[in-house]
Amino acid sequence: MKRPDNLGFRVGTGLFGLVLVLIVAAIGVELFRQSSLSIQKFGLNFWRTQTWDPVAGEFGALPFIWGTLYSSVLALLIATPISLGIAVFISELSPNRLKPALVFVTELLAAIPSIVYGLWGIFVLVPAVRALETALPQALKALPFFSGPPFGVGMLSAALILAVMVIPFTSSIAREVLKAVPIAQREGAYALGATPLEAIGAALYYARTGIVGAVMLGFGRALGETMAVTMVIGNNPRISLSLLAPQHTMASALANEFTEADTALYLSALIEIGLVLFIMTLIINSLSRLLIWSMARPMRQSAAGVVVPAAESAA
C-alpha cells in the first residue's frame with residue numbers, strides 16, 4: 001500500500017510532466033488555428049506547389065520543405081562520421097586525463113549561440129566556400145550538383161554550418177549510448193580473440209539502435225535551425241539539386257518574411273509553414289526517442305542480470 005505522502009508526490013510531479021504535454025499540444029492547436037485561412041484556400045496544394053508570390057496571393061511551401069530537408073540531410077552526411085569518430089575516441093580510446101577536456105570542448109560547441117555561428121559563416125565559411133567553388137574543375141561544374149555561379153552563399157554553406165552545429169549533439173548522445181553498452185560485450189569480443197578495433201565494432205553494433213536515434217536527434221536539430229542558416233543559404237525560394245545555388249528553408253522563410261506579411265493570407269501561409277515544420281520536427285524527434293528507449297531497455301535488463309533473448313538484444 002502506497003503512503004499518502006508518496007502518492008501526493010507522484011501525482012504532483014506527474015502534473016508537472018503533464019504541463020509539457022499540454023504546452024506542445026497548445027502550440028500545435030494555435031498554429032493550426034492561425035493558419036486555417038491558408039489551409040482552407042490551398043489545402044494539400046500548399047505542400048506540393050512551388051509558387052511563392054505574396055503580391056499575387058499564391059503560396060506554395062514545396063521550395064522551403066525541399067531546402068529544409070536537403071540542407072539537413074547534407075549536414076547529417078557530413079556530421080555523422082565525424083560525430084561517431086569523436087564519440088568512439090572519447091569513450092573507447094582517449095586517455096582518462098584527456099576525456100574531461102574533450103567532453104567540455106564538445107559540449108561547448110553546443111552552447112555557442114546560433115547568431116555567432118552565422119557571423120562566422122558570413123566572414124569565414126562563405127569566402128572559403130566561394131574559393132572552393134571557383135576552383136572546381138569544369139567537369140564537375142557540368143554536373144547538376146555543382147552547376148551555377150560561385151556565390152559562396154547557398155546550399156553548401158548552409159549544410160556545412162549545420163554540420164558544425166549538429167556535431168556536438170550527435171556525438172554527445174552517441175557517447176552516452178556507447179558508455180551504456182555492457183562491459184561484457186567488449187570482454188566477450190576480447191575472449192574470442194578480437195582486436196581492439198573489432199571490439200569497438202562489436203560495441204557499435206550492439207549500440208546501433210541508439211546511435212541511429214542520436215543521428216535522428218541531430219536531424220531534428222538541423223531541421224529547426226534558423227539564424228545561422230538564414231545568413232548563409234541565400235534565401236531564394238527555388239528547388240535545385242545544385243550545392244552552389246541559393247535556396248530557402250522553412251525556418252529562414254519565417255525569419256525573413258514574418259514582419260513583411262501585410263495581408264491576412266500572407267501571414268496565415270507563413271504560420272502554416274511553421275505548422276509544417278512543427279509536425280516534421282515532432283515526428284522525427286519522437287522516432288529518435290523511441291529508438292533510444294528501445295536500445296536502453298535491453299541494456300537495463302542485461303545490467304540487472306536478466307537473461308535477454310538474442311533476438312531482443314539485437315533489436
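Would you call Glu133 modelled with pLDDT under 90, over 25 Å from the mean Cα position of the chain (by Cα) and assigned to a helix (DSSP H, G or I)?
Taking the combined requirement at face value, the residue satisfies it.
Could you look through segment 225-283, keep only residues that are among the aromatic types (Phe, Trp, Tyr) and out of contact with any Pro (no Cβ under 7 Å at 6 or more places or on another chain), and pick out the one that is surrounded by the most Cβ atoms within 10 Å (Cβ to Cβ)?
Within segment 225-283, the match that is surrounded by the most Cβ atoms within 10 Å (Cβ to Cβ) is Phe278.
Table: residues versus (1) assigned to a helix (DSSP H, G or I); (2) surrounded by 14 or more Cβ atoms within 10 Å (Cβ to Cβ).
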| residue | (1), (2) |
| --- | --- |
| Val105 | yes, no |
| Ile122 | yes, yes |
| Pro150 | no, yes |
| Ile167 | yes, yes |
| Glu176 | yes, yes |
| Glu187 | yes, no |
| Leu204 | yes, yes |
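Name every residue in segment 59-79 that is open to solvent by less than 30 Å² (accessible area, probe 1.4 Å), part of a helix (DSSP H, G or I), over 17 Å from Ala228 (Cβ atoms) and not aliphatic (A, V, I, L, M), in order of residue number.
Hit for segment 59-79 is Pro63, nothing else.
Does Ala142 meet the test of being over 30 Å from Glu92 (Cβ atoms) and open to solvent by 50 Å² or more (accessible area, probe 1.4 Å)?
yes
What about Ala139, is it part of a helix (DSSP H, G or I) and either over 26 Å from Phe219 (Cβ atoms) or touching an Asp or Glu at 6+ places or on another chain (Cβ under 6 Å) (or both)?
yes
Can you list residue pairs whose Cβ atoms sit under 7 Å apart, with the first residue in segment 41-58 being touching a residue at least 40 places away in the same chain (Cβ under 8 Å) and more than 19 Å from Leu267 (Cβ to Cβ) and the second being surrounded by 10 or more Cβ atoms within 10 Å (Cβ to Cβ) and of a type outside the set (Val, Ile, Thr)? Count only pairs 6 or more apart in sequence or on different chains.
Gln50/Gly60; Gln50/Leu62; Gln50/Pro63
Could you please find all residues in segment 215-272 being farther than 26 Å from Pro168 by Cα and aromatic (Phe, Trp, Tyr)?
Those that are farther than 26 Å from Pro168 by Cα and aromatic (Phe, Trp, Tyr): Phe258, Tyr266.
What's the number of the condition Gly154 fails, among (1) over 25 Å from Ala251 (Cα atoms); (2) in contact with a strand residue (DSSP E or B) (Cβ under 8 Å, 6 or more places away or on another chain)?
It fails just one condition, (1).
Taking the criterion of being touching a helix residue (DSSP H, G or I) at 6+ places or on another chain (Cβ under 9 Å) and assigned to a helix (DSSP H, G or I), would at least one residue in segment 11-27 satisfy it?
yes
Would you check if there is a residue in segment 264-281 being closer than 21 Å to Ala56 by Cα, touching a Gly at 6+ places or on another chain (Cβ under 8 Å) and at pLDDT 85 or above?
yes
Those residues that are part of a loop (DSSP other than H, G, I, E, B) and either charged (D, E, K, R) or open to solvent by 30 Å² or more (accessible area, probe 1.4 Å) (or both), I need them from segment 44-58; list them, please.
The answer is Leu44, Thr49, Gln50, Thr51, Pro54, Val55, Ala56.
Is there any pair linking a residue in segment 103-119 that is farther than 13 Å from Leu162 by Cα and in contact (Cβ under 8 Å) with a residue 12 or more places away in the chain to one that is open to solvent by less than 60 Å² (accessible area, probe 1.4 Å) and of a type in the set (Val, Ile, Thr), with Cβ under 9 Å and at least six apart or on different chains, and which?
Here the result reads Val103/Ile90; Thr106/Ile86; Thr106/Ile90; Thr106/Ile167, each pair linking segment 103-119 to a residue that is open to solvent by less than 60 Å² (accessible area, probe 1.4 Å) and of a type in the set (Val, Ile, Thr).
The values are calculated or read from the model by the stated rules, or taken from the named source; none is laboratory data. None of the values given here were measured: they were computed from a predicted structure. Cβ: placed from backbone, ideal geometry, glycine included. Neighbour counts: every protein chain shown. Please note that ligands, DNA and RNA were not included when accessible areas were found on the heavy atoms of the full protein model with its side chains. Shrake-Rupley method; radii C 1.70, N 1.55, O 1.52, S 1.80 Å.
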